[in-house]
1. Please give the number of the condition I485 fails out of (1) within 20 Å of Y528 (Cβ to Cβ); (2) assigned to a loop (DSSP other than H, G, I, E, B); (3) at pLDDT 95 or above.
2. Does S234 count as assigned to a loop (DSSP other than H, G, I, E, B), under 22 Å from Q343 (Cα atoms) and not charged (D, E, K, R)?
3. The conditions are (1) of a type in the set (A, V, I, L, M); (2) modelled with pLDDT of 90 or more; (3) within 25 Å of V564 (Cβ to Cβ); (4) surrounded by 24 or more Cβ atoms within 10 Å (Cβ to Cβ), and A345 fails exactly one of them. Which is it?
4. For segment 484-502, which positions are out of contact with any strand residue (DSSP E or B) (no Cβ under 7 Å at 6 or more places or on another chain) and aromatic (F, W, Y)?
5. How many residues, within segment 237-275, are of a type in the set (G, A, S), over 19 Å from D146 (Cα atoms) and outside any helix (DSSP H, G or I)?
6. What pairs can you find where one residue is in segment 91-119 and touching a residue at least 12 places away in the same chain (Cβ under 8 Å) and within 13 Å of V189 (Cα to Cα), the other is assigned to a strand (DSSP E or B) and of a type in the set (G, A, S), and their Cβ atoms are less than 9 Å apart, with a gap of 6+ or different chains?
7. So, restricting to strands (runs of 3 or more DSSP E) that lie completely within segment 82-149, which ones have at least 1 residues that are under 21 Å from the mean Cα position of the chain (by Cα)?
8. Evaluate segment 220-230: report whether one residue or more is of a type in the set (V, I, T), out of contact with any Gly (no Cβ under 7 Å at 6 or more places or on another chain), part of a helix (DSSP H, G or I) and at pLDDT 50 or above.
Amino acid sequence: MHGIWSKKLALKILFIGIGIGLLLNHYFTRINHSKYKVLSSQPKKLIVKDKNLDLPTHDLYLGPDFPKRDAVKSAFKHAWFAYERDAWGSDEYHPISQSGSNLSNSAGIGYTIIDSLDTIQLMGLTDEYARARNWIENELSFDVDDKFNTFEVRVLLVLTEILLIPLRLQSGKYFHWLILTLLLTHNSVLGGLLSSYYLSSNPFSQNPSNPDPLYLNLAADLGERLVSSFDQDSGLPLSFVNLHRMEGISDQDNRGFISTAEAASLQLEFKYLSQLLDDPLFWRKSEGVMQLIKDAPKRDGLVPIFIDLHNNSPHVENFYFSSIRLGSRADSYYEYLLKQYLQTASTEHVYKDILEYRPYNKQDHLVCFLPGLFLLGVHEGKSHLPLDQSTFTTQQREDWWVGEELLKTCYDTYTSTKSGLSPEIIHFHQIGDYRGQKEDWYIKPSRDEDTIDGRYILRPETVESIFVAFRLSGNNKYREWGWSIFESIEKHAKINSGGYASIMNVNKVPVDHEDKMETFLLSETFKYLYLLFEDNSVAPLDKVVFNTEAHILPIFKPSFQTNVI
């Protein structure tokens, strides 16, 4: 009897504890926003004036490495052949079961085709391009009566506080699950159509041609449907949109909150679309979002990952009290600050805000876009080689050094695993606590042998930064790093029957595969690797910007002026 009452008492205490915990969570997450103010304290600055930057001064070669470039092209064709054979027109491909699936329950929109098309154009794959264009012209329709998630970050890949050090301007990526996302629909599909329109004019050749109007017409159609996701009161895009009914739908699973990345990752595409159509609608929509975020209270210039629309405030005065990080749900906000400035020929100075961050001891692979952003911000993509570090300002030297060091850390997460591929998430030891390990980071242990943290899902962020670092410095070590990563992908992720698959645990060899080939392998990872070994006259960084899904958009002098102040 005593034992029974002890169990009842224990359960009672447990439920009381859970109740108190829920109440405290509700209180602290719904804390009065008036207490959430801009802080005046500044993080401690890095002093790197005595650091020697790794910048070669002679024997620079930025021409093509044909054997390696063509090896990447062959890898792309190996993956594309399998997709065409088994899943043509489907949104995603599963190489082990040799099947396709869609992101919406109603119908697919050929997401893999649209997302990969500009890679096909860059590689000059004429037959593959003809078949893809034919499908887009005759099969693609955005008139789908279903709930499309306007942008939600990939459910399985959330997580990311950050590793950080004082930084400035940043980037990010990714989405999907049972339903389509606007960030996916916008950055990947709209961005893909706009990129294909631009590349159809052969802009990097000596004889450019007229662009293909098919892609602009589809982009205009999709853009009009996406505009319907914007909330009339706040001016922010809701998380879901019904493309057929052209109505926005709030995300009830997240209590109606909007992620910062969702709201602030539409600008490159909308501004270019306005420029092409000579229609200020998309420009005004994108700038309205930036003004709202700029006016909202922040912590040392940092934005939380959610915006609260519960009160339907027409001014969106407050962010939802939440964590501050550079990974999922916030990453591309920082990326697009710099890239909006670059896209409009450095005319919108308001977006070249300098942001500094406090260090955290957790990093996911998604954050490895940051090194490239640091380096890109130093000379705004206009570096003349060889670089003379004696001409760097203190801030430029600091940014370049941070970019170099972060990129080395990201690359080390590849070379330090048994497979030569990077885990999805790593944790850094606190200073003085290395737990007997030779590395200063570790993969968080789990009960299961195969962990989410230890997976490799064919991500592009590190090779993106490697590509940018090589183009801006001419340092051949970055081509060596990229080739090493590519060889590991070929060795461990390639499926002999066709395609590539994610790896369940990077420290387990032979590897176990997950039956999924992420679309960004084709649209981003292979694209950046291909360009790494291509001539620097193709997609030059002083002429183009890459959106957060690696789609190539031109730099232009805008027809419209910024209203963000």
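1. All conditions pass for I485, except number (2).
2. Values: assigned to a loop (DSSP other than H, G, I, E, B): yes; under 22 Å from Q343 (Cα atoms): no; not charged (D, E, K, R): yes.
It is false that S234 is assigned to a loop (DSSP other than H, G, I, E, B), under 22 Å from Q343 (Cα atoms) and not charged (D, E, K, R).
3. (4)
4. F486
5. Within segment 237-275, the subset of a type in the set (G, A, S) is 239, 248, 250, 256, 259, 261, 263-265, 274.
Next, from what is left, pick out any that are over 19 Å from D146 (Cα atoms): 259, 261, 263-265, 274.
With outside any helix (DSSP H, G or I) added as a condition, the list becomes 259, 264-265.
Qualifying residue count for the region: 3.
6. D91/G100; D91/S101; G108/G100; G108/S101; T112/G100
7. Values: elements: 92-94, 99-101, 147-149.
Counting at least 1 such residues, we get 92-94, 147-149.
8. The first filter runs over segment 220-230 and keeps only residues of a type in the set (V, I, T), leaving 227.
Keeping just the survivors that are out of contact with any Gly (no Cβ under 7 Å at 6 or more places or on another chain) gives 227.
Next cut, part of a helix (DSSP H, G or I) only: 227.
The next check asks that each one be at pLDDT 50 or above; those that pass are 227.
Checked segment 220-230: at least one residue is of a type in the set (V, I, T), out of contact with any Gly (no Cβ under 7 Å at 6 or more places or on another chain), part of a helix (DSSP H, G or I) and at pLDDT 50 or above.
The values are calculated or read from the model by the stated rules, or taken from the named source; none is laboratory data. All values reported here derive from a predicted model rather than from experimental measurement. Every residue, glycine among them, receives a Cβ derived from its backbone with ideal geometry; neighbour counts consider all protein chains shown.
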